[in-house]
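Accompanying notes for the structure given below.
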Amino acid sequence: MLAGRSLIDPSDFTREEFREIFDLAHQIISNPEKYSKSCEGKILATLFYEPSTRTRFSFEAAMLRLGGKIIGFSEPNSSSTAKGESIADTIRTIECYADIAVMRHPKEGAPRVADQYITMPLINAGDGGHQHPTQTLTDILTIECLKGNVENKVYGFCGDLKFGRTVHSLIKFLSNYEGVKFVLISPEELRVPEYIREEVIKKKGIPFEEVEKMEPYMGELDFLYMTRVQKERFFNEEDYIRLKDRFILDIDKMKYAKQDTYILHPLPRVNEISTDVDADPRAQYFVQAKNGMFVRMALILKLLGIY
Ligand code: CP
C-alpha cells in the first residue's frame, strides 16, 4: 500500500511496490488522457534548495497533466529560509497548504529529517551526493521501455561515481534484481563510496569491476550510464579541473559499443557526451528525461492513493 507514504531512499519501497508504480507509468504512457483529471483539487509543493531543470519541471508538469495544481520555490532565498527558518518549520507550514511535497536539498539526509515532521507524502528529489530515487524511477522505466526488463544485463556507469547521487540510487535499486553485473568506470578518486561497494554491491553478491578505461569494456555493456563530474561537490577547483574531462563519449568511442547498447545520462551534461552522439539512436537521454514526467505522474497518483 503506497498511499500516504514518502519516497526518500530506494530501499523505502519493495520490488512489488515499485512494480505497481512502473505498471501505472506504462499505462499512463499508453493513454495519458485517461489520467488528465485524476488530481483535480490536489496541490503539489516543490521545495528546491538546489538548482534543477528536469526534476522540478517534470514534477510540476506531471501534476499539471494530472489536473492538479502546484506551489513552491526554486530559490530558497525567496522563502523564509533566508530569514533563518528551519526545514522542520518550513515543511510543517507547507503541509498546511499542500497534499504532497517534493524536496531537493544540498545536505544529505535533509528530506529524511523533514519527513519526520509531517504526515503528507514527501519525495526526495536529490539530497547532496547521497540519493535521487525518482531519477532511478526514470532510469528504470526507460530501461524497461528499451529492453523489457532490468534483469540479466551488464550496466556500465561512467564518470563521477563518488558524488553522482543518481548512480548510488540506481545501483541500490538494480542490486535487488537477478543477473545484473556492474562495470564501474571512473578515475580512482571518483569511485563509488565505500557504503555502496561494501553494503550494497558486495553484500548482495553482485559481480562488478572497477576500471579506469571505457573502450575495452563497451562491447560487453547493455547500458552505459554516463554522468557529469559534479563540480558543486568538490572541495577544490584544481581537482575538478584535473578530473572533469577524463571521460568523453564521442562517435569514435561509440564504435566500440554493441548495436543495442543504449546510452543513458540523468542530465544535465557538461561535455562528457559529445553532442555528435545525440543523433545516434542508441542515445536515449532525452527520452529518459521525458519518461521522468510519466513515472512521476504514476508516483504522485500512488502516494496520494488515487490509483
Ligand atoms: N537529472 C536531474 O536531476 O536533473 P536536474 O538537476 O535538472 O533536476
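The values are calculated or read from the model by the stated rules, or taken from the named source; none is laboratory data. All values derive from a computational prediction rather than experimental measurement. Methodologically, a virtual Cβ is constructed for each residue, glycine included, from the backbone with ideal geometry; neighbour enumeration extends over all protein chains shown. The area values use the complete protein model at the heavy-atom level, side chains included, leaving out ligands, DNA and RNA. Shrake-Rupley method; radii C 1.70, N 1.55, O 1.52, S 1.80 Å.
Summary of values
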quantity: Test for Ile28: is it aliphatic (A, V, I, L, M), more than 13 Å from the ligand (Cβ to nearest atom) and within 19 Å of Val287 (Cβ to Cβ); calculated: yes
quantity: So Leu170, is it under 30 Å from Lys258 (Cα atoms) and more than 16 Å from the ligand (Cβ to nearest atom); calculated: no
quantity: Residue within the stretch 2-9 that is more than 25 Å from Gly129 (Cβ to Cβ), of a type in the set (Gly, Ala, Ser) and more than 16 Å from the ligand (Cβ to nearest atom) present; calculated: yes
quantity: Where a residue in the stretch 131-142 is assigned to a strand (DSSP E or B) and its partner, wherever it lies, is polar (S, T, N, Q) and surrounded by 24 or more Cβ atoms within 10 Å (Cβ to Cβ), with Cβ under 7 Å and at least six apart; calculated: Gln131/Asn124; Gln131/Ser169
quantity: Entirely in the stretch 204-307, the strands (runs of 3 or more DSSP E) that have 3 or more residues that are more than 16 Å from the ligand (Cβ to nearest atom) and acidic (Asp, Glu); calculated: none
quantity: Enumeration of residues in the stretch 118-165 that are under 13 Å from Ile8 (Cα atoms), within 12 Å of the ligand (Cβ to nearest atom) and not aliphatic (A, V, I, L, M); calculated: Asn124, Gly126, Asp127, Gln131, His132, Pro133, Thr134, Gln135, Thr136, Arg165
quantity: Residues of the stretch 290-307 classified as buried (at least 19 other Cβ atoms within 10 Å of the Cβ) and charged (D, E, K, R), total; calculated: 2
quantity: Residue check, Ile118 part of a helix (DSSP H, G or I) and open to solvent by less than 40 Å² (accessible area, probe 1.4 Å); calculated: no
quantity: Residue, farthest from Phe157 (Cα to Cα), within the stretch 229-265, restricted to residues that are out of contact with any helix residue (DSSP H, G or I) (no Cβ under 8 Å at 6 or more places or on another chain) and open to solvent by less than 40 Å² (accessible area, probe 1.4 Å); calculated: Arg233
quantity: Single match in Val287, Val270 (criterion: in contact with a helix residue (DSSP H, G or I) (Cβ under 7 Å, 6 or more places away or on another chain) and either open to solvent by 60 Å² or more (accessible area, probe 1.4 Å) or in the same structural domain as Ala62 (by TED's automatic domain parsing) (or both)); calculated: Val287
quantity: Tyr195 vs. criteria assigned to a loop (DSSP other than H, G, I, E, B), open to solvent by 10 Å² or more (accessible area, probe 1.4 Å) and not small (Gly, Ala, Ser); calculated: no
quantity: Search result, residues across the stretch 107-119 that are free of Cβ contacts under 8 Å to residues at least 60 places away in the same chain and touching a strand residue (DSSP E or B) at 6+ places or on another chain (Cβ under 8 Å); calculated: Lys107, Glu108, Gly109, Ala114, Ile118
